[in-house]
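Peer 1: Before we start, here is the structure in question, set down as structure tokens.
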Amino acid sequence: LLCLQFFVGGNWKCNGTKDSISKLVSDLNSAKLEADVDVVVAPPFVYLDQVKNSLTDRIEISAQNSWIGKGGAFTGEISVEQLKDTGCNWVILGHSERRHVIGEDDQFIGKKAAYALSQGLKVIACIGELLQEREAGKTFDVCFQQMKAFADAVPSWDDVVVAYEPVWAIGTGKVATPQQAQEVHIAVRDWLKKNVSAEVASKTRIIYGGSVNGSNCSELAKQEDIDGFLVGGASLKGPEFAVIVNSVT
Ligand code: G3P
């Protein structure tokens, strides 16, 4: 089996001030990060410029959302072109908070992914089931349907990282067990194999998100099909985020 380059993203969500972000950036700048890991952080839009101008080039920058097409008369939205202009090269799409708090649907998310990729922005494509869906035995159905929406929209998976984030594990401190995560990761890889191609299945990173921290990351990282993490809360602490980055096995 191919060993894929480990990928760790820090999703800062709607947190931070100029001051707290400047502290976080300086902690990240002085952190020792393993060389063979892709590291990306996603600040809130309004701080992208500050982070781009102060963060080491070792770490790439992601947006937390993007508009579905070219900019223009779309009040309150941020275009892919503007994100690229600020120095972002990634965008997180389909995050559960966008799906379940804001109400974005599969088709809308698919369109955003296709447009971002067409403009050269790489995509962290998020999927994951709600607690009641897991309890109803629908975890795979939900994840596969979300995968299908991405697959139907994107022309290529070269610049896509899939993030499996079970919604019940996000911000709850209730992390999926390594076995629970591995079971979904391998199923998603298998879905890619059957529905896209064996090559895409073997090359696409599938990362885990949901209450990852400095203490639970290494057990998760040992799982065969966990190729990295998307970290929320713990990514707001530079030293702890570095521990997670360095959990690569
Ligand atoms: O995108 C990362 C995320 O949703 C996980 O958040 O705070 O549970 O690590 P958290």
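Peer 1: For segment 82-96, indicate whether the set of residues that are without any contact (Cβ under 8 Å) to a residue 24 or more places away in the chain and surrounded by 13 or more Cβ atoms within 10 Å (Cβ to Cβ) is non-empty.
Peer 2: Going residue by residue through segment 82-96, those that are without any contact (Cβ under 8 Å) to a residue 24 or more places away in the chain are 82, 85.
Those still in the list that are surrounded by 13 or more Cβ atoms within 10 Å (Cβ to Cβ) too: 82.
Within segment 82-96, one or more residues are without any contact (Cβ under 8 Å) to a residue 24 or more places away in the chain and surrounded by 13 or more Cβ atoms within 10 Å (Cβ to Cβ).
Peer 1: I need the full set of residues from segment 155-170 which are assigned to a loop (DSSP other than H, G, I, E, B) and within 16 Å of the ligand (Cβ to nearest atom), in order please.
Peer 2: Looking only at segment 155-170, we keep the residues that are assigned to a loop (DSSP other than H, G, I, E, B), and these are 155-159, 165-166, 170.
Listed by number, the residues that qualify are 165, 166, 170.
Peer 1: Continuing with this model, one more query. Starting from segment 28-55, take each residue that is modelled with pLDDT of 95 or more and list its partners that are of a type in the set (Asp, Glu), counting only C-beta distances under 6 angstrom and pairs at least six apart or across chains.
Peer 2: As it stands, the answer is 40/60, since those pairs meet every condition given.
Peer 1: Considering only segment 132-149, state which residues are surrounded by fewer than 20 Cβ atoms within 10 Å (Cβ to Cβ) and over 17 Å from residue 180 (Cβ atoms).
Peer 2: 145, 148
Here is a yes/no grid of residues against (1) of a type in the set (Lys, Arg); (2) at pLDDT below 95; (3) over 14 Å from residue 143 (Cβ atoms):
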{"site": "205", "(1), (2), (3)": "yes, no, yes"}
{"site": "219", "(1), (2), (3)": "no, no, yes"}
{"site": "225", "(1), (2), (3)": "no, no, no"}
{"site": "239", "(1), (2), (3)": "no, no, yes"}
{"site": "247", "(1), (2), (3)": "no, no, yes"}
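Peer 1: Something else about it: So which of 188, 123 ends up being within 16 Å of the chain's Cα centre (by Cα), buried (at least 21 other Cβ atoms within 10 Å of the Cβ) and more than 14 Å from the ligand (Cβ to nearest atom)?
Peer 2: The unique qualifying residue is 188.
Peer 1: Here are some conditions: (1) modelled with pLDDT of 95 or more; (2) assigned to a loop (DSSP other than H, G, I, E, B); (3) within 13 Å of the ligand (Cβ to nearest atom). Residue 173 meets all but one. Which one does it not meet?
Peer 2: (1)
Peer 1: Can you pull out every residue in segment 217-233 that is within 14 Å of the ligand (Cβ to nearest atom) and surrounded by 20 or more Cβ atoms within 10 Å (Cβ to Cβ)?
Peer 2: In the first step, residues of segment 217-233 are kept if they are within 14 Å of the ligand (Cβ to nearest atom); the result is 217, 220, 228-233.
Answer for segment 217-233, where residues must be within 14 Å of the ligand (Cβ to nearest atom) and surrounded by 20 or more Cβ atoms within 10 Å (Cβ to Cβ): 217, 220, 228, 229, 230, 231, 232.
Peer 1: Can you confirm whether segment 84-107 contains a residue that is away from the ligand (no atom under 16 Å from the Cβ), aliphatic (A, V, I, L, M) and on the phi < 0 side of the Ramachandran plot?
Peer 2: no
Peer 1: Of the numbered conditions (1) within 16 Å of the ligand (Cβ to nearest atom); (2) touching a residue at least 40 places away in the same chain (Cβ under 8 Å); (3) under 27 Å from residue 248 (Cβ atoms), residue 61 fails exactly one; give the number of that condition.
Peer 2: So the condition that residue 61 fails would be (2).
Peer 1: Checking the conditions here, which among 26, 62, 66 is in a loop (DSSP other than H, G, I, E, B) and surrounded by 12 or more Cβ atoms within 10 Å (Cβ to Cβ)?
Peer 2: Values: 26 fails: in a loop (DSSP other than H, G, I, E, B); 62 fails: in a loop (DSSP other than H, G, I, E, B).
Only one candidate qualifies: 66.
Peer 1: While we're on this one: Report yes if residue 152 is of a type in the set (D, E, K, R), surrounded by fewer than 21 Cβ atoms within 10 Å (Cβ to Cβ), away from the ligand (no atom under 16 Å from the Cβ) and in a helix (DSSP H, G or I), otherwise no. Walk me through it before giving the result.
Peer 2: Working: of a type in the set (D, E, K, R): yes; surrounded by fewer than 21 Cβ atoms within 10 Å (Cβ to Cβ): yes; away from the ligand (no atom under 16 Å from the Cβ): yes; in a helix (DSSP H, G or I): yes.
Criteria met by residue 152.
The values are calculated or read from the model by the stated rules, or taken from the named source; none is laboratory data. Values in this document were obtained by computation on a predicted structure and should not be read as measured data. Positions of Cβ are generated from backbone atoms using ideal geometry, with glycine treated the same way; all protein chains shown enter the neighbour counts.
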